[in-house]
């Protein structure tokens, strides 16, 4: 076979067009955009964490209520607004609100001494507890007072930094969109009809059940990293995997192969750094604080921590978010397949 002649610019351009189609070029440009978005999102979220309106209660005996109000006012006026203080009537109320995840910490004032107690919840994220301790200790030192830190909802002994819940959720999310991508690669990104779309959703549901169980077993009994209800985490994992997978199937039905990239954009690029894993919400910049709870990784991380370290408290909202993603993905996948099938059977105009 004679070698190709690249002697002229025209022949070289033709060879480039033959090697890289317009579709491939657009996909490469899309990959570059996702890559830059990934870098910007992760660095933007993590490069300079600082506390922002962390919910904290101030508690003092009834005879020292004025001192509690004064302390709360001083904490509220700290430069940069790191804390969002409010007064509570007693320690029991403060403990209950921490365990219900309504607040992140509580400062218990001792009017007869110079050492106050700071109640924190390490299960909500070690970095958050440490940030509260640092801010409150500095403020108390300025008043010539000391602080004794007590963790009333610590992470499990096998999860010292409180990150196992986050990484478990990340693994489930990866499985969800990779399962949907595998179904697309094997038989086309867009299902030919609603029946095939339904079959893909059924396969995804079965995969989700198995993935949820295996992930729970690895994180719990095998590695001893997460306590909490085995069935609770299993159910969460199955719902999360299905929600992410159904969303990916819907995006593939909408945009073809490019839908996989859109799923990565939502789940990985924006979802993971805003999930509150490495840095809980009060330590993230405003944009990531705002979007995190509404995306599957954020909802999953919050729910996993609630199940593992807070007896399931405050888990309803995130489960509803995941359910919304699952339902929307399912409905959109079936609707797009039905529309596609209807268009395919419509006779061409004469």
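The values are calculated or read from the model by the stated rules, or taken from the named source; none is laboratory data. Predicted model only: the values in this text are computed from it and were never measured. Glycine gets a Cβ as well: all are built from the backbone with ideal geometry, and neighbour counts include every protein chain shown.
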Of the residues in segment 212-221, those that are crowded, with 17+ Cβ neighbours inside 10 Å and more than 24 Å from residue 200 (Cβ to Cβ) number 3
Tally, over segment 126-177, of residues that are within 30 Å of residue 207 (Cβ to Cβ) and either surrounded by 16 or more Cβ atoms within 10 Å (Cβ to Cβ) or within 16 Å of the chain's Cα centre (by Cα) (or both): 19
If I go through segment 49-95 residue by residue, how many of them are part of a helix (DSSP H, G or I) and over 17 Å from residue 121 (Cα atoms)? 15
Selection within segment 222-260 - surrounded by fewer than 18 Cβ atoms within 10 Å (Cβ to Cβ) and either assigned to a helix (DSSP H, G or I) or not assigned by TED's automatic domain parsing to the domain that holds residue 325 (or both): 222, 230, 231, 254, 255, 258
Do we find a residue being more than 31 Å from the chain's Cα centre (by Cα) and at pLDDT 95 or above anywhere in segment 74-85? yes
Can you tell me which of 205, 192, 146, 181 is modelled with pLDDT of 95 or more, within 30 Å of residue 341 (Cα to Cα) and touching a helix residue (DSSP H, G or I) at 6+ places or on another chain (Cβ under 9 Å)? 205
Criterion first (surrounded by fewer than 18 Cβ atoms within 10 Å (Cβ to Cβ), assigned by TED's automatic domain parsing to the domain that holds residue 233 and under 28 Å from residue 55 (Cβ atoms)) does residue 277 satisfy it? no
Inspect segment 41-48 for any residue being exposed (fewer than 11 other Cβ atoms within 10 Å of the Cβ), modelled with pLDDT under 90 and part of a loop (DSSP other than H, G, I, E, B) and give the result as yes or no. no
When residues of segment 116-134 are filtered for being part of a helix (DSSP H, G or I) and touching a strand residue (DSSP E or B) at 6+ places or on another chain (Cβ under 6 Å), how many remain? 4
